[in-house]
Amino acid sequence: MPISYLTVPDAVRDVLARNGRQLRVRKGHVLLAVGLPANDVYLVIEGSVSVSLVSAQGRETVLRLIEQGEMFGELAAIDGQPRSADVVAVENSTLLVTPGATFVGLIESEPVLSLWLARYLAHQVRYLTNRIYELSTMGVGPRLQAELLRLAGNPAPDGSACITRIPTQAELAARIGTNRETVTREFALLVREGLLTREGRRIVVPSVTRLADRLHRYSQTA
């Protein structure tokens, strides 16, 4: 199973917990805004937040969803620049907040944090590189399939996967740079082909391999 550098390991969490404070926010609360000169670093203890950018025309692009055990806000703490994206609570959430100056001091004094942070940032570069590639070279269908594969994560022993936290179709549209109607049409096509099924409040991918193979075939011609 691949190592996840998104989830903050226990040793790093302990370091942050000794130097931060808890903050509870309600769904819809704006935690960070583009251009804000704050530099606190956040760890999601419970809940989730969405990272997005809004164009001058008002079109929102969701960059990623940050869930329990993941961190955000580290870039402003490291380089001292204003916030580069908007971050909004997707649900009622509990966060651990570490002041930016404290975080930088911990990077210098805590090797366990420094090593993990380097790996985490490398992972982010690879992730964003993939997103740029998808948006610039793939059609909407392959982009939706790629996003569903990310949400599905690692398959079970039988090759299937379950998406229990389902974004709305509007959220999916924002993530892949299209509109809700197109997501609805592409999603229905995957269901008809048996690549996805709905079971109550969750989506099941019967075969992650089949969905990945379809993405590979269709991305070559998109």
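Throughout, read-outs are computed from the coordinates displayed, never taken from laboratory work. All figures in this text were calculated on a predicted structure; none of them were measured in a lab. Counting neighbours? That spans all protein chains shown, and the Cβs are built from the backbone with ideal geometry, glycine included.
Under a crude label model (7 Å from the Cα following the beta-carbon direction), how far is residue 94 from residue 156 in nanometres?
3.0 nm
With viscosity set to 1.567 mPa s and temperature to 4 °C, compute the Stokes-Einstein D of the stretch 77-159, Rh being the Kirkwood radius across alpha carbon pairs; µm²/s, no decimals.
Numbers: Rh = 16.4 Å.
Approximately 79 µm²/s, per Stokes-Einstein.
What number, in nm² with one decimal, is the all-direction average of the projected area of the convex hull of the alpha-carbon atoms of the stretch 21-76? Could you put the intermediate results ahead of the total?
Working: hull surface 17.2 nm².
Dividing the Cα hull surface by four gives the mean projection, 4.3 nm².
If you plug each phi of the stretch 20-36 into the Karplus form 6.51 cos²θ - 1.76 cosθ + 1.60 with θ = phi - 60°, what whole-Hz ³J(HN,Hα) values come out, in order, with x for Gly and Pro?
x, 9, 8, 9, 9, 10, 8, 3, x, 5, 7, 7, 9, 9, 3, x, 5
Mind jotting down the three principal axis lengths of the stretch 10-135 based on Cα atoms? Whole angstrom, largest first.
So the three principal-axis extents are 44, 33, 25 Å.
Return the distance in nm (one decimal) between the two label points of a simple spin-label model at residue 199 and residue 24, each offset 7 Å from Cα along Cα→Cβ.
It works out to 3.4 nm between the two label points.
Per residue of the stretch 47-52, in order, report the coupling 6.51 cos²θ - 1.76 cosθ + 1.60 (Karplus, θ = phi - 60°) as ³J(HN,Hα) in whole Hz, putting x for Gly and Pro.
x, 6, 9, 10, 10, 8
Quick one: grab Rg to one decimal and Dmax as a whole number for the stretch 102-141, Cα atoms only, in Å.
15.5, 47
Please report, in cubic angstrom per residue, the volume enclosed by the convex hull of the alpha-carbon atoms of the stretch 139-219.
Details: hull volume 6.7 nm³, N = 81.
About 83 Å³ per residue, rounded to a whole number.
What ratio of Cα Rg to 2.2 N^0.38 Å holds for the stretch 133-175?
In units of the 2.2 N^0.38 Å rule of thumb, it is 1.27.
Using 10 Å bins from zero, what percent of all Cα-Cα pairs in the chain falls into each bin?
7, 30, 34, 21, 7, 0
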